[in-house]
Ligand SMILES: C[S@@+](CC[C@H](N)C(=O)[O-])C[C@H]1O[C@@H](n2cnc3c(N)ncnc32)[C@H](O)[C@@H]1O
């Protein structure tokens, strides 16, 4: 067992690293790199593998703050990379991790697999690293805000990437930014878990007695989550909603397509959700009809499906449209979702000046609404 670590409030300069490491959905790497080029042009791309991209920190001499969390949308989280270790056994790898990071007092250890098919138990690796670093760990991998976290991404059974970060945002408290919640028994679809992650990662505060309408509601997992939060829920879908949801006393289904819903029936709702398996421009068209038509919920939780990753390039136009409707949008790709992004938009406080970037250009507006709703 190594000597106990001296208390160190932040990693010393020798252990800060010159790269950031961003876990992402397998396939989202190019979209993530495009976002980096837009947001952090002084950074340059490092290693690119399925499920992770690293970026060299720039310009020379820039040392990001401990809680560095740029809004990279497709990065599940952002950690400072210290490099890789290789070895033939978990114990050997763990000792090499300890040698690489030195004597830092970690509050938490996050271990995750770059891809699920990697044949090694993350829990075993975490226990070995904790033992090598002389740390007693709680079973719960979720870090507390402010915790200094040692990160290990299992690239393969014999190679791990090592890094660190300071926990701040909700996703930065989860190993690799992956939502630790599980789909409980009895939920009618994975959309329950997706909404659960959206609420946690954006810090959405649903209140009992509020009214929500979801466009694209069947079979009803998200509606189930809303009902559990105490909301009155309307599900809009031509398809059938699961009987267990349909029978709930606070649930009502409107069996129709989004474009057929009379707007007057939507007035007074607090939350508008969309989760339609249609082109994202069509979803934006449905939102335009409602939000541009005088219905003004306090918040919108919109899933925008990406038929292919290149459609991520349309995101700025879509976000401009939200701003034009008077909403402040935030967006990320949820770890439990598929090839899609989740936009959470809340009404902008009255009297706030629209930022220059929020102005809708005719081109972006056209792009946001160019296809008719399916
Ligand atoms: C991914 S599923 C929704 C999952 C659902 N949110 C849940 O929680 O289980 C997509 C749904 O969108 C519906 N849909 C597609 N186009 C639609 C439209 N124009 N209006 C309403 N629903 C639509 C489909 O019928 C399908 O049930």
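Read-outs: derived from the displayed coordinates by stated rules, not from any lab. None of these values were measured; they are calculated from a predicted model. Backbone-built Cβ (ideal geometry, glycine too); neighbour counts: all protein chains shown.
Laid out as a table, the results:
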quantity: The chain: proportion of alpha-carbon pairs further apart than 38 angstrom, %; calculated: 25
quantity: Burial ordering of 328, 228, fewest other beta-carbon atoms within 10 Å first; calculated: 228, 328
quantity: Pairwise centroid distance, computed over Cα atoms, of the stretch 43-61 with the stretch 293-312, Å; calculated: 29
quantity: Fraction of the pair-distance distribution of the stretch 120-231 above 15 Å, Cα-Cα pairs, percent; calculated: 71
quantity: Taking N as its residue count, the alpha carbon Rg of the stretch 191-369 over 2.2 N^0.38 Å; calculated: 0.97
quantity: Segment residue 117-residue 136, extension gain: residue separation times 0.36 nm, minus the distance between their alpha carbons; calculated: 4.0 nm
quantity: Convex hull projection area averaged over all views, the stretch 13-177, Cα basis, nm²; calculated: 8.6
quantity: Considering only the chain, percent of DSSP beta bridges that pair antiparallel, nearest 5; calculated: 65
quantity: Span from the the stretch 147-168 Cα centroid across to the the stretch 254-279 one, whole angstrom; calculated: 42
quantity: The stretch 191-369 - share of DSSP beta bridges that are antiparallel (%, nearest 5); calculated: 45
quantity: Whether the stretch 186-277 is rounded, prolate or oblate, judged on the alpha carbon gyration tensor where a/c under 1.5 counts as rounded; calculated: rounded
quantity: Sequence of 327, 179 once ranked by neighbouring C-beta atoms within 10 Å, starting from the fewest; calculated: 179, 327
quantity: Additional length obtainable on full extension of the chain from residue 246 to residue 56, 0.36 nm per residue less Cα span; calculated: 63.3 nm
quantity: Label-to-label distance, nm, for residues given as residue 71 and residue 15 (7 Å Cα→Cβ offset); calculated: 3.3
quantity: Residue order, fewest to most surrounding Cβ atoms within 10 angstrom, among 25, 110, 76; calculated: 25, 76, 110
